[in-house]
Amino acid sequence: MGKRLLLLWTLVRGDAMRLWRALRHPASPTWLKWAVAGLALYLVSPVDLLPDFIPLLGMVDDLVLIPLAIRALLNRLPPNVRADIDGRTVNL
């Protein structure tokens, strides 16, 4: 169980760092900044899919939805931005 949690944490941390680099990239689309702002607002907002006052389930939705949303945003990036933040070259 501990190894799985460590692997999950490593993946989420890597995606979060890639998202941060994408936000700072000069060619990042404007929608990305708005989407990340909305994601941060959802994270701190008291309005959730499952309310936080429900023990354990209230936090599980944040622990599942936030990483999925980050991965979805990264997958929607333009190929040149995605290649730059991953350190690859893109053939157009």
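Quick look at the numbers
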{"quantity": "R4 vs. criteria open to solvent by 90 Å² or more (accessible area, probe 1.4 Å) and in contact (Cβ under 8 Å) with a residue 40 or more places away in the chain", "calculated": "no"}
{"quantity": "Of all residues in region 46-65 being open to solvent by less than 30 Å² (accessible area, probe 1.4 Å) and out of contact with any Leu (no Cβ under 6 Å at 6 or more places or on another chain), the one that is farthest from L5 (Cα to Cα)", "calculated": "D48"}
{"quantity": "Pairs where the first residue, in region 71-88, is assigned to a loop (DSSP other than H, G, I, E, B) and the second is modelled with pLDDT of 90 or more and not aromatic (F, W, Y), C-beta under 6 Å, 6+ apart", "calculated": "L77/A22"}
{"quantity": "Region 18-36, residues that are open to solvent by 100 Å² or more (accessible area, probe 1.4 Å), within 12 Å of I85 (Cα to Cα) and hydrophobic (A, V, I, L, M, F, W, C)", "calculated": "W20"}
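The values are calculated or read from the model by the stated rules, or taken from the named source; none is laboratory data. Here the structure is a predicted model, which is why all the values come from computation and not from measurement. FYI the Cβ positions are ideal-geometry reconstructions off the backbone, even for glycines, and counts take in every protein chain you see. All accessible areas refer to the heavy atoms of the entire protein, side chains included, with ligands and DNA or RNA removed. Shrake-Rupley method; radii C 1.70, N 1.55, O 1.52, S 1.80 Å.
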